[in-house]
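The values are calculated or read from the model by the stated rules, or taken from the named source; none is laboratory data. The model shown is predicted, which means the values in this text are computed figures rather than measured ones. Cβ placement follows ideal geometry from the backbone for every residue including glycine, while neighbour counts extend to all protein chains displayed. With ligands, DNA and RNA removed, areas are computed over all heavy atoms of the protein, side chains included. Shrake-Rupley method; radii C 1.70, N 1.55, O 1.52, S 1.80 Å.
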Amino acid sequence: MTLPIRRRTFLCQALAVTSVAALAPHLAAAERKLPFMISLAEWSLHRTLFAKQLDHLDFPKAAKHDYGIEAIELVNQFFKDKARDQAYLGEFKRRAEGAGVKILLIMVDGEGSLGDPDAAKRKAAVENHHKWVEAAKFFNCHSIRVNAETQGVGSFEEQMDRAADGLRSLAQFAGKHSLNVIVENHGGLSSNGQWLAGVMKKVNLPNCGTLPDFGNFRIQEGEEYDRYKGVAEMMPFAKAVSAKSNDFDEQGNEVHTDYPRMLKIVLEAGYRGFVGIEYEGEKLGEPEGIRATKALLERIQKELNWGG
């Protein structure tokens with residue numbers, strides 16, 4: 001079927017926009033001859049931040065000086081009322097640039113359900129995300145991470161259609177800002193890899209993709225989706241990857257996820273971007289958990305002997 005001219009024009013523009021937005025992290029890994037680069041998700045320090053032991057403005061400095069990481073993924077919960085505060089955003093950007101740290105994306109929560117069964121609420125949720133697209137553009141991010149929440153109402157297919165509708169609308173807005181909209185497996189049907197891949201196919205826009213998380217595969221209490229199968233299903237659409245970690249054995253391996261197996265799935269899909277540390281355990285303190293996850297990722301980098 002021939003697309004109307006305006007539709008064809010938008011798709012061409014979106015493709016060009018997304019190619020540029022997604023290219024930078026891939027080039028960084030290729031230039032350094034590594035299979036992937038390592039970033040730090042701000043959620044890894046959520047207890048420290050909520051306890052006010054670290055100010056959000058100091059996160060870039062902490063990433064670089066405490067952990068030797070030069071790329072970060074922000075969480076909107078830590079600057080929830082600052083999305084349009086240009087002075088605050090400008091100060092954060094100045095500190096990140098001063099530390100030599102790149103801001104990759106903003107993880108957005110609490111702005112409504114993009115797959116809400118009520119069309120008016122779904123539209124409002126899309127509009128609530130606009131300010132985070134604009135903030136991400138200001139930071140020169142490549143994406144905002146969102147949730148494909150559907151309130152659990154309707155059939156498998158109906159919920160897929162609603163999520164695709166909200167995501168398509170938001171991705172069209174983000175495309176005008178040269179940004180991607182990416183969905184994390186984050187509970188409910190979004191933790192079903194087959195469902196989320198189906199949503200991506202229905203949206204069918206080059207700047208709408210996924211952020212596979214190694215650990216978020218609980219669909220509901222007592223129902224877990226196979227994490228390796230889920231990541232494999234999400235990877236064709238991935239524009240970022242989250243290396244969820246909780247506990248480690250004496251050899252430094254994550255006990256819930258076979259990291260070498262998981263990273264093989266990631267790389268065999270052709271992904272060459274950043275892999276974000278997202279430590280969520282309790283046995284180790286947050287700083288120790290971040291360092292343990294980084295050490296594991298670095299060991300796998302060496303074992304893969306990329307470009308060697």
Carbon/sulfur accessible area of the chain, % of total, 1.4 Å probe, equals 50 percent
Quick one: if you stick a label point 7 Å off each Cα along the C-beta vector at Gln53 and Lys121, how many nm between them? 3.7 nm
Where in the chain are the DSSP H helices whose alpha-carbon span along the long axis reaches 24 Å or more and whose Kyte-Doolittle mean is at least 0.5? 5-31
What distance in nm lies between label points placed 7 Å from Cα along the C-beta direction at Arg84 and Asn128? 1.5 nm
Restrict the search to the stretch 213-256; then list the GluC sites (Glu not before Pro) that DSSP places in a loop and that have at most 14 other Cβ atoms within 10 Å of their Cβ. Glu221, Glu250
Probe 1.4 Å, accessible area per residue of the chain, Å²: 45 Å²
Who wins for biggest fluctuation among Leu54, Leu40, Leu263 in a Gaussian network model of the chain, springs between alpha carbons below 10 Å? Leu54
For the pair Gln220 and Asn253, the simple spin-label estimate (label points 7 Å beyond Cα toward Cβ) gives in nm 3.4 nm
Using only the alpha-carbon atoms of the chain, report the extent along each of the three principal axes, biggest first, to the nearest angstrom. 55, 44, 40
How big is the Cα convex hull of the stretch 115-201 in projection, averaged over all directions, in nm²? 5.1 nm²
Helical mean residue ellipticity (222 nm; -39500 (n - 2.57) per DSSP H run of 4+; nearest 500) of the chain: -15000 deg cm²/dmol
Which of Gly198, Gly154, Gly115 moves most in a GNM of the chain, Cα contacts under 10 Å? Gly154
